Amino acid sequence: MTILTDPKDIMQVLEDSKSVAVIGFHPDEVKAAHYVPEYLDRQGYKVYGVNPALASRHVSAFNHPVVASLAELNVPIDVVEVFRRSNRVREHLPDILGMNPLPKVVWLQLGIRDDAVAAELSARGIMVIQDRCMLSDHRQYL
């Protein structure tokens, strides 16, 4: 299983990744699902918001339209970052596994964990990071 916990591995993901799709992106600037992706955008990552409610309202974020599903992204994605409750992560598994190419990493934000989904992603060759904040790790390691 490829569940990453070693700081060296996490630092390598942060260094090697260029594009991040954010499932559960939120327009409210005080919510982590907004300010974490905004921080990543400022650090030079290409960030794509994924939220069906916002997509239906034609919201844009970080110079890209917010899309309803990962299938609507027409660019390779290095990291799928998930801002959904742990009990909702499984709902996104078909969308993630339907990506072509598959993402290199699925990152479940701080407080989010689903070991069964992580095992399924890992079995498909996708590295998984759980219960960690991408912003905090970026500040700490880079």
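The values are calculated or read from the model by the stated rules, or taken from the named source; none is laboratory data. For clarity, every value in this text was computed on a predicted model and none was experimentally measured. Don't worry about glycine lacking a Cβ; one is built from the backbone with ideal geometry, like all the others, and counts go over all protein chains shown. Keep in mind that these areas ignore ligands, DNA and RNA; they rest on the heavy atoms of the full protein, side chains included. Shrake-Rupley method; radii C 1.70, N 1.55, O 1.52, S 1.80 Å.
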Notebook entry, point to check: How many residues are on the phi < 0 side of the Ramachandran plot and out of contact with any Pro (no Cβ under 7 Å at 6 or more places or on another chain) when one looks only at the stretch 57-68?
Noted result: 7
Next item on the list: Could you check how many residues of the stretch 87-142 are under 20 Å from residue 7 (Cα atoms), out of contact with any helix residue (DSSP H, G or I) (no Cβ under 8 Å at 6 or more places or on another chain) and among the charged types (D, E, K, R)?
Entry: 3
Note to self: Can you list residue pairs whose Cβ atoms sit under 8 Å apart, with the first residue in the stretch 104-127 being closer than 12 Å to residue 93 by Cα and the second being open to solvent by less than 60 Å² (accessible area, probe 1.4 Å) and of a type in the set (Gly, Ala, Ser)? Count only pairs 6 or more apart in sequence or on different chains.
What the structure shows: 106/118; 114/86
Check: Looking only at the stretch 119-142, which residues are surrounded by 13 or more Cβ atoms within 10 Å (Cβ to Cβ), of a type in the set (A, V, I, L, M, F, W, C) and in a helix (DSSP H, G or I)?
Finding: 119, 121, 134, 135
Check: Can you name the residue in the stretch 70-81 that is open to solvent by less than 30 Å² (accessible area, probe 1.4 Å) and in a loop (DSSP other than H, G, I, E, B) and, of all such residues, is farthest from residue 49 (Cα to Cα)?
Finding: 78
Next item on the list: Could you please let me know if residue 87 is polar (S, T, N, Q), open to solvent by 10 Å² or more (accessible area, probe 1.4 Å), assigned to a loop (DSSP other than H, G, I, E, B) and free of Cβ contacts under 8 Å to residues at least 40 places away in the same chain?
Entry: no
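May I ask you to verify whether residue 53 is more than 20 Å from residue 137 (Cβ to Cβ), touching a residue at least 24 places away in the same chain (Cβ under 8 Å) and not acidic (Asp, Glu)?
Details: more than 20 Å from residue 137 (Cβ to Cβ): yes; touching a residue at least 24 places away in the same chain (Cβ under 8 Å): no; not acidic (Asp, Glu): yes.
No, not satisfied.
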Check: How many residues are surrounded by 11 or more Cβ atoms within 10 Å (Cβ to Cβ) and either modelled with pLDDT of 95 or more or part of a loop (DSSP other than H, G, I, E, B) (or both) if we restrict to the stretch 57-69?
Finding: 6
Next item on the list: Of all residues in the stretch 98-109, count the ones that are open to solvent by less than 40 Å² (accessible area, probe 1.4 Å) and either over 18 Å from residue 46 (Cβ atoms) or outside any strand (DSSP E or B) (or both).
Entry: 4
